[in-house]
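Quick note: the coordinates plus some simple rules give every number you see, no bench work behind them. The structure displayed is predicted, hence computed values, not measured ones. All Cβ positions, glycine included, derive from the backbone under ideal geometry; neighbour counts span all protein chains shown.
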Amino acid sequence: MMRASGLTKKYGDKTVVDDLSFEVHPGTVTGFLGPNGAGKSTTMRMLLGLDAPTRGTATIGGRPYAAHPAPLTEVGALLEARSVHPGRTAHAHLTALALTHGIPRSRVDHVLDLAGLTEVARRRVKGFSLGMGQRLGIAAALLGDPATVILDEPVNGLDPEGVLWIRNLLKSLAAEGRTVLVSSHLMSEMALTADHLVIIGKGRLLADTTVDAFVREAGAGAVKVVTPSAAELAALLTGPSVTVTGDSPGTLTVRGCDSAHIGRTAAAHGIPLVELTPHTASLEQAFMDLTRDAVEYQATVRTPAQATARTSTQTGAQTSAQATALEGTSA
């Protein structure tokens, strides 16, 4: 089991991780999620003893990472796939790691095959693509046949076949009773891979729950309604305890009343209903809703209407400038 207890990390006046506590249990794939700048990488570095916490403790298998006599056989980690000497071959890199722990050479060949790198094992790493580098990093993480695996953005740079391979690999590791912690920005992939979620924002714990419970709670109390008379129905339903939002033309999300009340209201006013179902949130939408106030780097998103208005303004300005130039030429 992996445990973070009151982990805090400060750099000067900036608190990157703030009193963070959670546990990662064997037999499950735990997704470690958060917006950019949330403190995920710093937390992983503290779990692995690469960064010393300002306060708090981090243990894996009941002891700090550095206290394990043969850490590669206890914990396998991928934090930076490119942390390999570019002049070495994949086989030489893994062999050097194996020699530090007395790991047999047969294990090197095994993880190379597992990662799909057997054919390029004698090639220098500097010629590897991003995806090949990720595969080598994962092979290194599994070299010691560890009970605990920590992977930071393992699908980065992988093609669809590689993403599927990672998904099945993580599930198989958990099925073998290993402790698996994986971070990713791909919510669709986490929805297919993770059993449990630890979500942080601005260094603080926001959620520690199962994927199913998190998504279910995010969509609780909402009803999806599809009708050609969306505006009329929305006006009838909206009240002090009922909120109605328009997701797209003809589609409403209603919170604060159940399907039966919506159906009765529509029937009483002769409004046809095409669909009336409990709303199910996606993991991505649930994550966005939870972390909306914890995003450190907020981008500005223009709607299609704003983009059209901007284009019209630019076109008008360009036309005006051309007209002015023509007038000057005529003069």
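For the chain, modelled as a GNM whose springs connect Cα atoms under 10 angstrom apart, the maximal fluctuation among 207, 70, 294 occurs at 70. Span-like helix criteria (full DSSP H runs; alpha carbon extent of at least 15 Å along the helix axis; mean Kyte-Doolittle hydropathy of at least 0.0) are satisfied in the chain by 90-101, 130-142, 160-175. Considering only beta bridges that DSSP places wholly inside the chain, some 65 percent are antiparallel. Using a cutoff of 8 angstrom between alpha carbon atoms and counting only pairs six or more residues apart, the relative contact order for segment 1-100 works out to 27 percent. Taking the Cβ-Cβ separation of residue 89 and residue 243 as r and a Förster radius of 51 Å, what is the calculated FRET efficiency to the nearest 0.05? After rounding, the FRET efficiency stands at 0.25. Using only alpha carbons, segment 25-149 has a radius of gyration to Kirkwood radius ratio (Rg to Rh) of 0.98. With a cut-off of 17 Å on the backbone N, the residues of segment 71-96 near the modelled label site 7 Å out from residue 123 along Cα-Cβ are 82, 84-94.
Couplings 3J(HN,Hα) of segment 64-71, computed from phi: x, 3, 5, 7, 6, x, 9, x Hz, in residue order, whole Hz [Karplus 6.51 cos²θ - 1.76 cosθ + 1.60, θ = phi - 60°; x for Gly and Pro]. For residue 29, nonlocal amide neighbours, meaning residues 5 or more places apart or on other chains whose placed amide H falls under 5 Å from its own, are 195, 196.
Near residue 45: Cβ cut-off under 15 Å, other residues only, Lys/Arg at +1 and Asp/Glu at -1. The net charge is -1.
Start at zero, step by 5 Å, and the Cα-Cα distances of segment 115-243 spread as 2, 8, 15, 16, 13, 11, 9, 7, 6, 5, 4, 3, 1, 0, 0 percent across the bins.
Rounded to the nearest 20, the Cβ-based charge dipole of the chain about its Cα centre (Lys and Arg +1, Asp and Glu -1) stands at 920 debye. Dividing the Cα radius of gyration of the chain by 2.2 N^0.38 Å, with N the residue count, gives 1.32.
Classification of segment 222-278 by its C-alpha gyration tensor yields a rounded form. The axis ratio a/c (a ≥ b ≥ c) stays under 1.5. Dividing the summed -39500 (n - 2.57) terms of all DSSP H runs of n ≥ 4 by the residue count of the chain sets its mean residue ellipticity at 222 nm at -12000 deg cm²/dmol. Counting Lys and Arg as +1 and Asp and Glu as -1 over every other residue whose Cβ lies under 12 Å from the Cβ of residue 87, the net charge comes to +4. Phi angles of segment 12-18 translate, via the Karplus equation with coefficients 6.51, -1.76, 1.60 and θ = phi - 60°, into HN-Hα couplings of x, 8, 9, 9, 8, 10, 10 Hz per residue; Gly and Pro are given as x. Taking only Cα atoms and a 10 Å spring cutoff, compute GNM fluctuations for the chain and point out the largest among 154, 249, 86. Fluctuation is largest for 249.
Can you give the FRET efficiency for residue 50 and residue 253, using 1/(1 + (r/R0)^6), R0 = 41 Å, r = Cβ-Cβ distance, to the nearest 0.05? About 0.40, to the nearest 0.05. Give me the net charge for the shell around residue 34: Cβ to Cβ below 9 angstrom, other residues only, Lys and Arg +1, Asp and Glu -1. Net of charged neighbours comes to +2.
Here r is the Cβ-Cβ distance between residue 276 and residue 192 and R0 is 41 Å; the resulting FRET efficiency, rounded to 0.05, is 0.90. Ranked by the mean number of other Cβ atoms within 10 Å of their residues, highest first, the peptides 271-278, 170-177, 138-145 fall in the order 138-145, 170-177, 271-278. From the alpha carbon centroid of segment 108-128 to that of segment 220-288 is 54 Å.
The count of lysine pairs in the chain with alpha-carbon distances below 16 Å, taking only pairs 8 or more places apart or on different chains, stands at 7.
Spatial offset of segment 84-107 relative to segment 11-58 amounts to 29 Å, using the alpha carbon center of each.
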